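Before any comments, here is the structure.
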Amino acid sequence: MTLTTALKLHLRVLEIHGRVLRVVTLRPQTATRLSTNYYHDTWHILGGTDGAVLLGRLLWGLSFQRHPGTLVVIDGRHLVPTPFEADPPDPILLIPGGLTRVDDDLLRALRLRLRRSPGSPATIRWHTFGMPAAIAALECRRSYRDALHHLRSRERMARRAGYLCYTAPAAILRETGVGIYRMHATPDPWGSYYPLADNGRHGSSWSYDGEFQQLPGFACDVSAARVARREVLGRAGGVLVSDADRQTVYRRKDKANARLRTARSRGIALAALDDTD
């Protein structure tokens, strides 16, 4: 799918606490999965190369919305446990700063409403026509983040009312969307990061409230982490209560990943053999 092809998303128009919210969600047919965690005092959105493409396009399109109350929710089947120790993720909320204002009471009510009676969605088309030109322009600039320095103080990433919330004004959403989208073209085998909410509140130019972390082996790592967690804590998964538990899961995840790779390679070999018979 190219950047000139619209994404198909779902839209629900909900009245909550006397306010109209335009809640955009992924359709069940969307195969991309994301996760979240909190590590080194930083909130992370985690995904593979397909996650970078999807998140980048969502942020870009969100920056052009004009209806107050518009926001994007990523939850349910589009979230998976973390690829490190299979901890449960938080639902993700993308909010256009200056257009949509929320408080914790509203967010709690939104979570309850989406869980109990979300209503029937309409299918909408999410356009990203301008992204190719923005990517080309970005590649011609040596430093582009400094140009929007005056808006950094309005960029936020935090956990609120059970959601991992990323809020930014339109210009930052566009810049971030392009930056995250471009990550898929040059995946680092060790993972790569894009800073979110880089506003210097911690007194360091290298300290952020959040990051998007791209892991090329994301799906395989999630599967292996699930297997390792079950092996350590039992079939129900359980709760990791100690650092020792976590270290054990980490070690077993590498072994589980190796077993899964072997099983997949054998499956591919058998499928190829069947095709030739």
So what are the ³J(HN,Hα) numbers for the range 107-116, from phi and the Karplus equation (6.51, -1.76, 1.60; θ = phi - 60°), rounded to whole Hz, Gly and Pro as x?
5, 5, 5, 5, 4, 5, 5, 5, 7, 9
Taking 0.36 nm per residue of separation and subtracting the Cα-Cα distance, what length does fully extending Ala158 through Val13 add?
49.7 nm
Along the Cα→Cβ direction, 7 angstrom out, place labels at Asp243 and Arg27. What is the inter-label distance in nm?
4.8
On full extension of the chain, what length is gained from Ala133 through Leu260, given 0.36 nm per residue of separation minus the C-alpha to C-alpha distance?
41.7 nm
Sort Cys165, Cys220 so the one with the fewest other Cβ atoms within 10 Å of its own Cβ comes first.
Cys220, Cys165
The range 7-216: equivalent-ellipsoid semi-axes (sqrt of 5 x gyration tensor eigenvalues, Cα, Å)
25, 19, 18
In whole Hz, the Karplus estimates of ³J(HN,Hα) for the range 89-99 (6.51, -1.76, 1.60; θ = phi - 60°; x where Gly or Pro) are x, 9, x, 9, 10, 10, 10, x, x, x, 10
Starting from the 7 Å offset along Cα-to-Cβ, what nm value, one decimal, do you get for the label separation of Thr186 and Arg77?
3.6
Among the trypsin sites (Lys or Arg not before Pro) within the range 24-96, which fall in a DSSP loop and have no more than 16 other Cβ atoms within 10 Å of their own Cβ?
Arg66
Which of the chymotrypsin sites (Phe, Trp or Tyr not before Pro) across the range 6-57 are loop residues per DSSP, with 15 or fewer other Cβ within 10 Å?
none
Provide the per-residue ³J(HN,Hα) series for the range 27-44, in order, calculated from phi with Karplus coefficients 6.51, -1.76, 1.60 and θ = phi - 60°, each as a whole number of Hz, with x at glycine and proline positions.
7, x, 5, 5, 8, 5, 10, 10, 9, 9, 7, 10, 8, 6, 6, 9, 7, 10
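Bear in mind these aren't lab numbers, they're just calculated from the coordinates by the rules spelled out. Since this is a predicted model, take the numbers as computed values, not measurements. Methodologically, a virtual Cβ is constructed for each residue, glycine included, from the backbone with ideal geometry; neighbour enumeration extends over all protein chains shown.
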